[in-house]
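Since every read-out is calculated from the coordinates, none of them should be taken as a lab result. Please read all numbers here as calculations on a predicted model, not as lab measurements. Reconstructed Cβ throughout: ideal geometry from the backbone, glycine too, with neighbour counts over all protein chains shown.
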Amino acid sequence: MSIRRVMHVDLDAFFVSVEQAVRPELKDKPVIVGGKPERRGVVAAASYEARKFGIHSGMPLITAKNLCPQAIFIEGNHQLYREYSEKFMLILSDFSPFLEPMGLDEAYLEVTGFESLHGSIAEMASKIRRRITAEMGINASIGIANSKVAAKIATERAKPNGQCEVPAGEEASFLAPLDIAVMPGIGKKTEQHLKSLGIDTLGKLAALPASFLKSRLGAYAPYLSNAAMGIDNRPVEMPSEAKSISRETTFETDTRNQTFLEAKLSYLSEKITATLRKRGKQARVVQIKIRFADFTTLTRQKHLGQPASGNREIFQTALSLMNGILDSDRQTVRLLGVGISDFCGPEKQLEIDPAKARLEKLDASLDKIRQKYGFSSVQTGRTYRLKDMF
């Protein structure tokens, strides 16, 4: 029986690497994706040259600017990143059908027994990395171990542009000297709590009696105890269909401008309905999310009388929900989001209302144009107010 082998593949500094692939003049420079530093926002990705200055994902852009004034700040192109992600997943699928994507830029592969095809699992990883570099122009790091958790940690040890294989049976010794912060699932609060108890390495975590750890961390304790020893029986799972689609945006300046909020809501609604139609689905539930200046966050949802996939139905429902929240609170708005869920197939009764039939044809035409020329190539009257943002 083959010893289990799991591979974790992670694209290095993904957003930045894509920008450098399409704009070679950015190579070897401190590049930050996330927006302009004079606007409110955070770092989405930083090149390794920028990281030398202490810049990391999630850091406020203005802080990054102060740390590295010479950095090049880029808004980002999420459509481009999705295209590169699709190329990435296609390459991985050529090596193993047992593929579990984890976002745009990383994935697990079940590769048990695949050494017979490539000579060794390490050589298989080398082939994957060479193909990613040759076909995408960016680098990847790979971790190999007996489990998902150990493979992911091994990937971090391999970065940037490397690979690290944990020999079978040596997982516990590999993990033992590492700081507990490298363990997926240990957040800042748990890290601080464990270190206050003198538990600063995975070896010390693994050595704790299960009863003591459970008394401190509750039901999560058994997983952490096993993971610290490299024991993780979770399978590599094919992705299931998303149960919801949502979009949200944080504004540069808090606002109560009704015209602007409606335009933004319309834009977000058009984005999610385009995705819905592309999947050949309709939605039964519309949800709205608003975060105010004091960070109070409110959500509301409504079940539709009939499943819908049109821009107008989703937007009008979302607008009604948004206005209901705004009427009850006079604070300025910091974040606005809209989502849809409870999907069903595209089947519907034949539309006898000629106006609705024309709107369906209009949505289909907009989808075709936007798929070919980009989403902002065509704007409705309401979203045209946002033209300067595009």
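Quick notes
- Across the chain, Cα-Cα pairs more than 38 Å apart make up 33 percent of the total.
- Peptides 247-253, 85-91, 312-318 ranked from most to least packed, by the mean per-residue count of other Cβ atoms within 10 Å: 312-318, 85-91, 247-253.
- Where labels lie 7 Å past Cα in the beta-carbon direction, separation of Asp294 and Gln192 in nm: 2.4 nm
- Of the peptides 39-48, 16-25, the order by per-residue mean of other Cβ atoms within 10 Å, starting with the highest, comes out as 39-48, 16-25.
- The range 78-187 - Rg (one decimal) and Dmax (whole number), Cα, Å: 14.2, 42
- Distance between the pseudo-spin-label points of Asp94 and Arg279 (7 Å out from Cα toward the beta carbon): 2.9 nm.
- Taking each residue as 0.36 nm, the span from Met238 to Lys302 lengthens on full extension beyond its C-alpha to C-alpha distance by 19.9 nm.
- Global geometry of the range 7-165, whether rounded, prolate or oblate, following the gyration tensor of its Cα atoms and the 1.5 cut on a/c: prolate
- Compared with the dominant principal axis of the Cα atoms in the chain, helix 354-373 is inclined by about 40°.
- The length gained by stretching the chain between Leu362 and Thr249 to full extension, at 0.36 nm per residue less their Cα-Cα distance, is 38.1 nm.
- Among the listed pairs Lys65/Lys189; Lys52/Lys159; Lys159/Lys189; Lys243/Lys278; Lys127/Lys159; Lys87/Lys159, those whose Cα-Cα separation exceeds 19 Å are Lys65/Lys189; Lys159/Lys189; Lys87/Lys159.
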